[in-house]
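The values are calculated or read from the model by the stated rules, or taken from the named source; none is laboratory data. All figures in this text were calculated on a predicted structure; none of them were measured in a lab. Note that each Cβ is placed from the backbone with ideal geometry, even for glycine, and that neighbours are counted across all protein chains shown.
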Amino acid sequence: MPVVTKNFTLKTRGNTHILDITKQIKEQLLNSSLSNGIAVVFIPGSTAGITSIENEEGAIKDLTAAIERMAPKSIHYYHDARWGDGNGYAHVRAAFLGASYTIPFQDSHLLLGTWQQVVLIDFDNRPRSRTIIVQLIGE
């Protein structure tokens, strides 16, 4: 079964910056020779994650608020005490969310729901340049 690995890079603002990356993933699929299989979307690093959500203002605000409740910026993180970089919360948030997301595709179309988009969330405490890897496995 063929495997095609592609990537793209985005600038992020950090601080729970949520970016819809569905279009870029679709482009990577269309620029491959594959029509049926799975797409694995992966973000290298330990302060960002990938998931899906309806990319609608209310849902994004709800997600952002839930993330803040789950791993608040305002509490003590041992990582900060050791390294002094102030992003311990970002590592915890990314660990909960996960670094990859898998999407099946058929006839060169991602099999996402009508209101489902794939998003990158950068939790770090500063802007970053993020490379997203899309590995396509199929035929």
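Restricted to segment 98-118, and to residues there that are in contact with a Phe, Trp or Tyr (Cβ under 8 Å, 6 or more places away or on another chain) and hydrophobic (A, V, I, L, M, F, W, C), the residue that is farthest from I60 (Cα to Cα) is L111.
Out of all the residues in segment 71-84, is one or more within 22 Å of K6 (Cβ to Cβ), modelled with pLDDT of 95 or more and out of contact with any strand residue (DSSP E or B) (no Cβ under 6 Å at 6 or more places or on another chain)? No.
Residue pairs whose Cβ atoms lie under 8 Å apart, sitting 6 or more positions apart in sequence or on different chains, and linking a residue in segment 75-96 that is free of Cβ contacts under 8 Å to residues at least 40 places away in the same chain to a partner that is assigned to a loop (DSSP other than H, G, I, E, B) and surrounded by 21 or more Cβ atoms within 10 Å (Cβ to Cβ), are H79/N87; D80/N87; Y89/F123.
Looking at V3, is it β-branched (V, I, T) and either modelled with pLDDT under 95 or in contact with a Ser or Thr (Cβ under 9 Å, 6 or more places away or on another chain) (or both)? Criteria not met by V3. Counting just the residues of segment 17-35 that are farther than 11 Å from I103 by Cα and among the polar types (S, T, N, Q), which one comes out modelled with the lowest pLDDT? The extreme case among them is S33. Residues in segment 1-41 that are without any contact (Cβ under 8 Å) to a residue 60 or more places away in the chain and either within 16 Å of T131 (Cα to Cα) or touching a strand residue (DSSP E or B) at 6+ places or on another chain (Cβ under 6 Å) (or both): K23, E27.
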